[in-house]
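To start, the structure under review is shown below, and the notes come after it.
The values are calculated or read from the model by the stated rules, or taken from the named source; none is laboratory data. Remember, predicted model here, so these are calculated numbers, not experimental data. Virtual Cβ from ideal backbone geometry, glycine too; neighbours counted across all protein chains shown.
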Amino acid sequence: MSQHEARISWDLSGENFTKGRYSREHRWAFDGGATVLASSSPSVVKAPFSNAAGVDPEEAYVASIASCHMLTFLHLASKRGFTALRYEDRAVGTMTKNERGVPWVSSVVLEPRIEWQGTPPTAAVLAELHHDAHEGCFIACSVNTDISVKTGVEHASVAAAH
């Protein structure tokens with residue numbers, strides 16, 4: 001199939017590495033040229049050794065699940081003849097401890113809000129689209145995290161562009 005690469009880079013800065021007093025700030029670089037400031041979560045490693053402006057791995061994980069779901073959903077909706085105008089999601093991941101006492105992202109709740117052109121899908125069709133998007137999402141098929149979707153439907157009466 002395909003491979004996907006990210007380059008992660010970090011350089012030592014801080015007072016004392018062996019005592020844990022060093023910056024967790026680092027960079028993610030992707031093949032298209034995007035570079036993202038990353039860091040540990042401030043809820044795990046307190047400032048000044050984390051940087052809240054950076055994306056932490058847990059946030060990236062939640063965003064990856066939400067993004068994959070959205071892309072799969074939009075593809076399926078287009079194949080069914082629906083035109084989405086806007087898709088916004090508030091994705092929330094919850095960490096709990098597993099059976100070994102290790103924290104993990106045990107659940108992600110997606111709360112997509114979608115604006116449609118013309119007649120929107122019924123609630124039943126919308127549920128079907130989200131179910132099928134979950135089943136077809138590469139990331140959802142790769143993880144053990146419980147992923148659920150809270151749906152809301154908005155309708156926009158916008159004339160089709162010619």
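Of the strands (runs of 3 or more DSSP E) entirely within the range 51-162, those holding at least 1 residues that are closer than 30 Å to residue 21 by Cβ and β-branched (Val, Ile, Thr) occupy 83-97, 103-117. Answer with yes or no whether residue 106 is surrounded by 14 or more Cβ atoms within 10 Å (Cβ to Cβ) and in contact (Cβ under 8 Å) with a residue 12 or more places away in the chain. Criteria met by residue 106.
If you check residue 44 against the conditions, is it assigned by TED's automatic domain parsing to the domain that holds residue 149, hydrophobic (A, V, I, L, M, F, W, C), free of Cβ contacts under 8 Å to residues at least 60 places away in the same chain and out of contact with any helix residue (DSSP H, G or I) (no Cβ under 8 Å at 6 or more places or on another chain)? No: the conditions fail for residue 44.
Among the residues of the range 5-41, those identified as surrounded by 14 or more Cβ atoms within 10 Å (Cβ to Cβ), charged (D, E, K, R) and in contact (Cβ under 8 Å) with a residue 24 or more places away in the chain are 24, 25.
Taking residue 151, is it at pLDDT below 95 and over 14 Å from the mean Cα position of the chain (by Cα)?
Yes.
With respect to being of a type in the set (Asp, Glu), on the phi < 0 side of the Ramachandran plot, in the same structural domain as residue 146 (by TED's automatic domain parsing) and surrounded by fewer than 14 Cβ atoms within 10 Å (Cβ to Cβ), residue 99 fits the description.
Screening residue 146 against (1) among the charged types (D, E, K, R); (2) at pLDDT below 95; (3) under 13 Å from residue 66 (Cα atoms) leaves a single unmet condition, (2).
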